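**Student:** The structure follows.
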Amino acid sequence: LRREFPDGWASNEASRDVHDFSRALFQWRKGSEAVQHGRTLHFLSRHNTYAYFRYTDNDAVFVFLNNSADGKVIPWSNYAEIASGLTTGTNVITGETVSPEGYVVPAHSSLVVDF
């Protein structure tokens, strides 16, 4: 049984933010070769964070999840086996250019970078 979202999307800013985030991510992944057909390389969880890459021979996507109560600097040197040569990419959600080395991911948030 399908029902309308309680209070609607327009009156609930947090729900609208989740909707916009999900929509941007779902639209982007349709064209990502690394996400659709790539291999996955997971990295050890540290300090309530988790990181992984999806990659092909030509493309790479980096995902960093920060579940801690404070911002975390991406420990880029920990990912050197795959990240060497990757210097700047695009934040999938905002479209901004990102240099992950030294980048701070806010508390309870994520970063998805397309290289």
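The values are calculated or read from the model by the stated rules, or taken from the named source; none is laboratory data. Keep in mind that this is a model prediction, so the values were computed, not measured. Positions of Cβ are generated from backbone atoms using ideal geometry, with glycine treated the same way; all protein chains shown enter the neighbour counts. These area figures cover heavy atoms from the full protein model, side chains too; ligands, DNA and RNA do not enter into them. Shrake-Rupley method; radii C 1.70, N 1.55, O 1.52, S 1.80 Å.
**Student:** For segment 37-57, name all the residues that are of a type in the set (A, V, I, L, M) and surrounded by 12 or more Cβ atoms within 10 Å (Cβ to Cβ).
**Tutor:** Here is the first cut: in segment 37-57, the residues of a type in the set (A, V, I, L, M) are 41, 44, 51.
Of everything in segment 37-57, those that are of a type in the set (A, V, I, L, M) and surrounded by 12 or more Cβ atoms within 10 Å (Cβ to Cβ) turn out to be 41, 51.
**Student:** Quick one: which residue in 34, 60, 69 is modelled with pLDDT of 95 or more, of a type outside the set (D, E, K, R) and surrounded by fewer than 14 Cβ atoms within 10 Å (Cβ to Cβ)? Before the answer, list the steps.
**Tutor:** Working: 34 fails: surrounded by fewer than 14 Cβ atoms within 10 Å (Cβ to Cβ); 60 fails: surrounded by fewer than 14 Cβ atoms within 10 Å (Cβ to Cβ).
Answer to the check: 69.
**Student:** Yes or no: segment 33-41 includes at least one residue that is more than 22 Å from residue 106 (Cβ to Cβ), β-branched (Val, Ile, Thr) and in contact with a His (Cβ under 7 Å, 6 or more places away or on another chain).
**Tutor:** Within segment 33-41, the first condition is being more than 22 Å from residue 106 (Cβ to Cβ), and the residues that meet it are 33-41.
Subsequent filtering for residues that are β-branched (Val, Ile, Thr) retains 35, 40.
Narrowing the set further to residues that are in contact with a His (Cβ under 7 Å, 6 or more places away or on another chain) leaves none.
Taking every residue of segment 33-41 in turn, none turns out to be more than 22 Å from residue 106 (Cβ to Cβ), β-branched (Val, Ile, Thr) and in contact with a His (Cβ under 7 Å, 6 or more places away or on another chain).
**Student:** Could you tell me which numbered condition residue 100 fails, if it satisfies all but one of (1) in contact with a His (Cβ under 9 Å, 6 or more places away or on another chain); (2) assigned to a loop (DSSP other than H, G, I, E, B); (3) open to solvent by less than 30 Å² (accessible area, probe 1.4 Å)?
**Tutor:** Here residue 100 clears every test but (1).
**Student:** Search segment 38-64 for residues that are under 21 Å from residue 87 (Cβ atoms) and pair each with any residue that is among the aromatic types (Phe, Trp, Tyr) and in a loop (DSSP other than H, G, I, E, B) when their beta-carbon atoms are under 8 Å apart and the residues are at least 6 apart or on different chains.
**Tutor:** 59/115; 60/115; 61/115; 62/115
**Student:** Tell me which residues, restricted to segment 15-33, are among the hydrophobic types (A, V, I, L, M, F, W, C) and free of Cβ contacts under 8 Å to residues at least 40 places away in the same chain.
**Tutor:** In the first step, residues of segment 15-33 are kept if they are among the hydrophobic types (A, V, I, L, M, F, W, C); the result is 18, 21, 24-26, 28.
Of everything in segment 15-33, those that are among the hydrophobic types (A, V, I, L, M, F, W, C) and free of Cβ contacts under 8 Å to residues at least 40 places away in the same chain turn out to be 18, 26.
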